[in-house]
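Here the structure is laid out as structure tokens; the discussion comes afterwards.
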Amino acid sequence: MREVLVGWGGRSPARSSVCVPQSEDDVARAVASGDAMIARGLGRSYGDAAQLSAGVVLSNRGLSSIGPVVDGVVTVGAGTSIDELVKSTLPQGWFVPVTPGTRQVTIGGAVAADVHGKNHHVDGSFATHVRSMRLVTPEGTLQLSPSNEPELFWATMGAMGLTGVVSSVELNLTRVETNQMVVDTERHNGLESVMTEMRLRDGDYRYSVAWVDCMTTGRAKGRSVLTRARHATSLDVNDARLDPPTSARVAIPFRAPSHLLNTWSVRAFNELWYRRAPRRESAALVPLGTFFHPLDGVSDWNLLYGKRGFVQYQFCVPDEHGAAVAEVVERLTRAKVTSFLGVLKRFGPANPAPLSFPLKGWTLALDLPLGAARLPRLLDELDAVVIAAKGRVYLAKDSRLAPEHVAEMYPRLDEFLKAKARVDPKNQFTSDLALRLALAGR
Amino acid sequence: MENAFGEPQNVVVLGGTSDIARAILQRLCAARTRSVVLCGRDATRLLDAGADATAHGATSVTSVLFNAEEPHNAAATVREAFEKMHGHVDLVIVAIGALGEQRRDEDDGDAVERLITVNFTWPGAALAEVRRLLVAQGSGRVLVISSIAAVRTRRSGYLYASAKAGLDNMCLGLADSLRGTGVTLQILRPGVVRTRMSRGLPERPFTTDAGDVAEYVMRALATDDLIIWSPPILRYVAFAIRQLPRAFWRRLDDALER
């Protein structure tokens, strides 16, 4: 069926032929057609990663099976969402080892973006917990693991679907005793203070994230709310329950006017967010869904950005260049662009995947509504800061990077291209993102 | 492919020597544009425009020659331009037009035919082919340079204005026809712009330079607005112009021409 698709940011529409294979054999047949294609999950990539102008888009949502949990390992269809998986396994005391800020991503998408969560500094990214996976390529269907076909296994992690279609994943789960989190919160009146605290004591917590205000100037510049947590055990709660988080209760019914989110309203929101947080609070019990996925309470929240849409800028820099984080916040604040609370996190060591985003150090993610004329060039300047700091931007969030910067940010790009050439010599797997960044021609 | 700000990598310009098109192209090349196909009548001036694009960051510039007085060539010209791009065409700029000279041309059937052909028939025919090719691509953007004159024709320039009004109206329908195709069309309606084409015209209120127009266009690529006014205040001026009683509008025009 022909359909116009966009990413979560709502920009750069593309019409593609969408089909929904119901089995791995269906996928293999579609791939055998030789048509240019890309797989798509729930469309949470912000840019053009899961669409292909005038090409075939294979929705993985037909591949949604959840096997039994055996010794903490589950085999799931790639089209299963983390939401569906958690609803199925949490009542048995198993949680996903890594979750991004939304449960509305598929397992295939989690592999394609090699997603990370608030526990990256302890547990690594999604790839770390994948025991094996099945990948349908133009050269056949392969079973990949860190020991079997390791090159292709790692080349697929974070490669935005460009090596083939993941059909199923064998995943390690995390044991939990309750559906609650024990959360410590503290406010910091500046970036330096919060970064020092995170550097010194993040290791004591499994989960940690800071929200940074990138709009306020003056003495409160870079003020932040730091929340850190661990899973509550049965000793922490009176009544240990394992009910899964509920689905979105509120939906945004239509696109908001484009000017709803302006400098003033976003500034007010940031202010409210900061004031609402306790100055210092320890060991608060918070439901798992509220802690991990605060935005999942509202479905289609991206419509709040209106017709104009938005971009997200997420970058990471290694520890020794941590000053780049302050530099970026400084430039954003000075340019007075509207930006929602930035999400600041520490990353643990990188994994062997050439296109995986995280590297040991810091990451900051910013939501920026479109509109300001200076935004495009400002982000180009931030790219230069990030490159000088030996960092990179996250391809799953990208919708505007210039192609010449990809190799600078991902110096092992060649390893990925070599692995791709082996299973997809004709570049059958491509996407608007791959074309824009010259990752795979057509 | 274009980025989230609507900044293209590959651009085809129909009317590549237009001052407004050149100003837009300079800024596009300074952003993400690397491949350009320029179509125009004057080979020397196309080369000049190409050098300009290269100086601003384009790495591949080719050109296609055509004559806008021959509308039967329009579709072939567009096809040739797309073929020379060797890849996805992200943006097509339609910047063809001639002002003519109202008093000289208004009693001359041949001159009127030429004026309508250059301003409406050729670009209209070209847009049909652009539409077909972009829809087949599944994504792309068209920027058509219309004019504030298209809003309401007036005594002192009704030939040019009516031809532009024809094109402008066609584009309104065309834009609607593109819903659900992944292709976006935007209509640029500038006021008087200081260019080669408008040389010798009296300065009207809200007259701008081509560079200003280009800045408004760059901003509008990110918003997908159907109508791009340059300067933006013309949106309200146009609204007022449409409401004026006919006699008043005629007298205003007389006064401005005097």
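Each reported figure results from applying straightforward, stated rules to the coordinates on display, with no laboratory input. Small disclaimer: the values here were computed from a predicted structure and weren't measured. For neighbour counting, all protein chains shown are included, and Cβ atoms are generated from backbone atoms with ideal geometry for every residue, glycine included.
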Go from 0 up to the bin containing the longest alpha carbon distance in region B:98-188, width 10 Å each, and give me the % of pairs per bin. 17, 44, 25, 12, 2
Report, to the nearest 10°, how far helix B:43-55 tilts away from the longest principal axis of the Cα atoms in chain B, using its own Cα long axis and a range of 0 to 90°. 60
With no solvent and one point on each alpha carbon, what is the Debye value of log10 I(q)/I(0) for region A:61-176 at q = 0.13, 0.17, 0.19 Å⁻¹? -0.43, -0.75, -0.95
Answer rounded, prolate or oblate for region A:181-250, using the Cα gyration tensor with square roots of eigenvalues a ≥ b ≥ c: rounded when a/c is under 1.5, else prolate when a/b is larger than b/c, else oblate. oblate
Calculate the mean, over all residues of peptide B:170-183, of how many other protein chain Cβ atoms lie within 10 angstrom of the residue's Cβ. 2
Find the centroid of the Cα atoms in region B:1-48 and in region B:100-137, then give the distance between the two in whole Å. 21
Inverse mean reciprocal Cα-Cα distance (Kirkwood Rh) of region A:220-370, Å: 18.2
Report, as an integer, the average count of C-beta atoms from other chains found within 10 Å of each Cβ along A:52-58. 3
Among A:Leu382, A:Tyr394, A:Val317, pick out the residue whose Cα is farthest towards the positive end of the charge dipole of region A:180-403, where Lys and Arg carry +1 and Asp and Glu carry -1 on C-beta, about the Cα centre. A:Leu382
Give me P(r) over region A:339-427, computed from all C-alpha to C-alpha distances, binned every 10 Å, as integer percentages. 14, 43, 30, 12, 1
For region A:397-442 and region B:212-234, what is the centre-to-centre distance using only Cα atoms, to the nearest Å? 33
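Dipole size in debye (nearest 20) for region A:61-176 around its Cα centre, Lys and Arg Cβ +1, Asp and Glu Cβ -1?
340
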Show me the ranking of peptides B:234-245, A:338-349 by mean Cβ neighbours inside 10 Å, starting with the highest. A:338-349, B:234-245
Pairs over 21 Å Cα to Cα, from A:Lys221/A:Lys360; A:Lys118/A:Lys418; A:Lys87/A:Lys397; A:Lys345/A:Lys397, come to A:Lys221/A:Lys360; A:Lys118/A:Lys418; A:Lys87/A:Lys397
Using a ≥ b ≥ c from the Cα gyration tensor of region A:198-305 (square roots of the eigenvalues), is it rounded, prolate or oblate, where a/c under 1.5 gives rounded and otherwise the larger of a/b and b/c decides, a/b for prolate? oblate
Considering every Cα-Cα pair within chain B, what fraction, in whole percent, is farther apart than 26 Å? 36
Relative contact order (percent, whole number), region A:180-403, Cα cutoff 8 Å, 6+ residue spacing: 25
Would you work out which of A:Ala240, A:Pro13, A:Val183 lies farthest towards the positive end of the dipole of chain A? Charges go on Cβ: Lys and Arg +1, Asp and Glu -1. A:Pro13
From other protein chains only, count the Cβ atoms within 10 Å of every residue's Cβ in B:1-13, then give the mean. 6
The protein assembly as shown: calculated mean residue ellipticity at 222 nm from DSSP helix runs of at least 4, using -39500 (n - 2.57): -10000 deg cm²/dmol
Candidates B:Thr77, B:Thr59, B:Thr121, ranked by Gaussian network fluctuation over chain B, Cα under 10 Å, top entry: B:Thr59
Counting each pair of different Cα atoms once, what's the Kirkwood radius of region B:1-81 in Å, rounded to one decimal? 12.6
Per residue and in cubic angstrom, what volume does the convex hull of the Cα atoms of the protein assembly as shown have? 158
The FRET efficiency for B:Ala43 and B:Arg246, from their Cβ-Cβ distance with R0 = 41 Å and rounded to 0.05, is 0.35
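What percent does the relative contact order of chain A come to when contacts are Cα pairs within less than 8 Å and at least six residues apart?
Computed value for chain A: 19 percent relative contact order.
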Just how far, in whole angstrom, is region A:268-313 from region A:152-223 if you go by their alpha carbon centroids? 14
Region A:61-176 - percent relative contact order, Cα under 8 Å, separation 6 or more: 32
How tilted is helix B:74-85 with respect to the longest principal axis of chain B? Cα atoms for both, answer in degrees (0 to 90, nearest 10). 40
Student exercise, the protein assembly as shown dipole from Lys, Arg, Asp, Glu Cβ charges, in Debye to nearest 20: 1620
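Would you mind putting A:132-142, B:248-258, A:15-25, A:195-205 in packing order, based on average other-beta-carbon counts within 10 Å, highest first?
Highest mean packing first, the order is A:132-142, A:15-25, A:195-205, B:248-258.
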Placing +1 at every Lys and Arg Cβ and -1 at every Asp and Glu Cβ, with all other atoms neutral, what dipole size does region A:180-403 have around its Cα centre, in debye to the nearest 20? 560
Return the single residue from A:Glu151, A:Glu281, A:Glu415 with maximal mean-square fluctuation; model: Gaussian network over chain A, springs between Cα atoms under 10 Å. A:Glu281
Using a/c under 1.5 as the rounded threshold, could you call region B:184-244 rounded, prolate or oblate? The axes a ≥ b ≥ c are square roots of the C-alpha gyration tensor eigenvalues, and prolate needs a/b larger than b/c, oblate otherwise. oblate
